[in-house]
Structure formats: structure tokens, C-alpha cells
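The values are calculated or read from the model by the stated rules, or taken from the named source; none is laboratory data. Only a predicted model underlies this, so the values are computations on that prediction, with no experimental measurement involved. No Cβ is skipped: glycine too gets one built from the backbone with ideal geometry, and neighbour counts run over all protein chains shown.
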């Protein structure tokens, strides 16, 4: 994997580049927004670590510009502790994830691996472990076996896979799958998640779709 690290803290940038290199990847660093944006257009990149506060051009604007140009490389934003508005702005601009400073190098690398796994491949398919979903064909497979999913079940699985490793709230499922046709008091969401879990997990002896009481659901990323 080849990564780009953009942060005006030169020591931190160099440390991250060195860590990624020692972990078996290749990486390069930039220290301001304009040079970071130019380097981010490299089609060989597998991921970008991008600080929000950059001289010349902020990280959120860099991300927004890339997405506007059709550059779909995964982006992790680095934000200050408590800077919730920055995180929201970054995610709205097209970032895939964020990490609060200070952070552990191991967590950064794990998040880079995670966002790489949940991005569509060149065919448009999503893959998380041995789960594969093809949005165009409306088909899904686990370990090479095709899953028999209803339209709603397919939509639920798609949202979970697009957010693999992250919590998906019942409200998010309501918005993205039901488009407001039901409400949070209905058990339709829980019923459909249960059906998806039966077909995706229990039928294969797996436990990858977990329920987080009071928060929602999460598709665990298992290598």
C-alpha cells in the first residue's frame, strides 16, 4: 500500500511516514495544503492521512476539492480533541474517517486498513472480509456462496458494509433504507437486521453483525 501523510507538524508527519514504511508500506509526506492537494491527485495512492489545520489550504477544503474532482482515494482526517465541528465538516466533505490527536500509530494503521477494505473495488463491488456485495447486480455473497436477500435486507447489508467497523444507528438505517417510510418506534428495523444476521452470520457460523444497545449495529471487520 502507498500512503500520503499531510500535516504541518513536520516531526509528526515524518514519524507517521517512517512507521508506515517500517510496517511494510510506502509513504510520503507533505507539510501544507497546496502541496498536499497536488500530491493527493496521484492515482497510485491507497490512502491519505490529512490534518484539518493546514497552512495555505485547510484539510477539509483539500478533501472537498478531491471529491469534486472525482478522486476517490480513502481519507482519514486528523483533528484536535473536542473539535466536533471539524469532524462533521470533514465527513460531510467526503472524508472516510477521522482520528483525534494524539493517537497511537497502531490505531492509525488499523483504520487505514479498515477504510481500504470497505471501499468499492474497481468493479464497484464492496468487500468486507469474505462478504462481497454488488450494488449494480443487487447480489451478495459470503465465502463464495450467494445470499438470498430481500430488497430491504440487501439495503440493510449494504449500509452496514459501507460503514464496516463503525456504528450504524437505527436512525441512519431509517433514513437510508426506509427513506422515512417507518419510524423508530416500529420494530421493522430490528426485524430486518435480525433476518440479515441469520442469513449472513448464523448460516455460516459467524458473528460479525453486532448489536450495541442504545447505539445501533456494527459490522465487524474480520481479516
Tell me which residues, restricted to region 127-139, are free of Cβ contacts under 8 Å to residues at least 60 places away in the same chain and crowded, with 19+ Cβ neighbours inside 10 Å. 132, 133
Starting from residues that are touching a strand residue (DSSP E or B) at 6+ places or on another chain (Cβ under 9 Å) and assigned to a loop (DSSP other than H, G, I, E, B), keep the ones in region 72-92 and report whichever is farthest from residue 28 (Cα to Cα). 82
Of the residues 175, 148, which single one is without any contact (Cβ under 8 Å) to a residue 60 or more places away in the chain and in a loop (DSSP other than H, G, I, E, B)? 148
Please work out if residue 220 is over 22 Å from residue 72 (Cα atoms) and modelled with pLDDT of 85 or more. yes
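For the subset of region 1-13 comprising residues that are surrounded by 15 or more Cβ atoms within 10 Å (Cβ to Cβ) and over 20 Å from the mean Cα position of the chain (by Cα), which member is nearest to residue 51 (Cα to Cα)?
The extreme case among them is 7.
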Pick from 112, 78, 66: which is more than 25 Å from residue 129 (Cβ to Cβ), touching a residue at least 60 places away in the same chain (Cβ under 8 Å) and in the same structural domain as residue 41 (by TED's automatic domain parsing)? 78
Give me a count of the residues in region 170-195 that are at pLDDT 90 or above and in contact with a strand residue (DSSP E or B) (Cβ under 7 Å, 6 or more places away or on another chain). 1
Is it the case that some residue within region 45-61 is assigned by TED's automatic domain parsing to the domain that holds residue 6 and free of Cβ contacts under 8 Å to residues at least 24 places away in the same chain? no
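Among 171, 112, 157, 147, which is the only one that is surrounded by 20 or more Cβ atoms within 10 Å (Cβ to Cβ) and under 25 Å from residue 189 (Cα atoms)?
157
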Give region 16-34 a look and list any residue that's without any contact (Cβ under 8 Å) to a residue 60 or more places away in the chain, surrounded by fewer than 19 Cβ atoms within 10 Å (Cβ to Cβ) and part of a helix (DSSP H, G or I), or say none. 18, 21, 22, 34
